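The structure appears right after this line, and notes come after that.
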């Protein structure tokens with residue numbers, strides 16, 4: 001999780017995670033959407049398709065990126081947003 005408030009005007013936080021398979025990426029996406037919807041929080045929009053290697057949930061101040069391992073390495077958002085403040089890293 002990155003705090004991007006200092007370096008971005010379109011969001012406050014990025015959550016960047018990855019799954020080991022298309023099914024796992026789909027499950028992560030659906031579970032985040034389900035749990036937040038239960039709390040009354042709905043995404044502004046989503047991007048990507050199951051099986052594409054990348055999906056995004058945009059909640060305005062929080063943008064969640066869900067990658068396949070290869071795509072996460074390829075896009076390397078952690079490095080691209082290296083001026084952001086890391087808040088949480090789980091490996």
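The values are calculated or read from the model by the stated rules, or taken from the named source; none is laboratory data. Predicted model, so just to flag it, every value in this text is computed and none were measured. Note: ideal-geometry Cβ built from the backbone for every residue, glycine included; neighbour counts use all protein chains shown.
Residue 88 satisfies every condition listed in (1) surrounded by 13 or more Cβ atoms within 10 Å (Cβ to Cβ); (2) in contact (Cβ under 8 Å) with a residue 40 or more places away in the chain; (3) assigned to a loop (DSSP other than H, G, I, E, B) except (1). Could we say that residue 51 is part of a loop (DSSP other than H, G, I, E, B), modelled with pLDDT of 95 or more and at positive phi here? When the stated conditions are applied, residue 51 does not pass them. Is it the case that the stretch 26-36 has a residue that's at negative phi, surrounded by 11 or more Cβ atoms within 10 Å (Cβ to Cβ) and either assigned to a strand (DSSP E or B) or over 15 Å from the mean Cα position of the chain (by Cα) (or both)? No, the stretch 26-36 contains no residue that is at negative phi, surrounded by 11 or more Cβ atoms within 10 Å (Cβ to Cβ) and either assigned to a strand (DSSP E or B) or over 15 Å from the mean Cα position of the chain (by Cα) (or both). Looking at the stretch 64-83, can you tell me whether even one residue there is over 18 Å from residue 4 (Cβ atoms) and in a loop (DSSP other than H, G, I, E, B)? Checking the stretch 64-83: not a single residue is over 18 Å from residue 4 (Cβ atoms) and in a loop (DSSP other than H, G, I, E, B).
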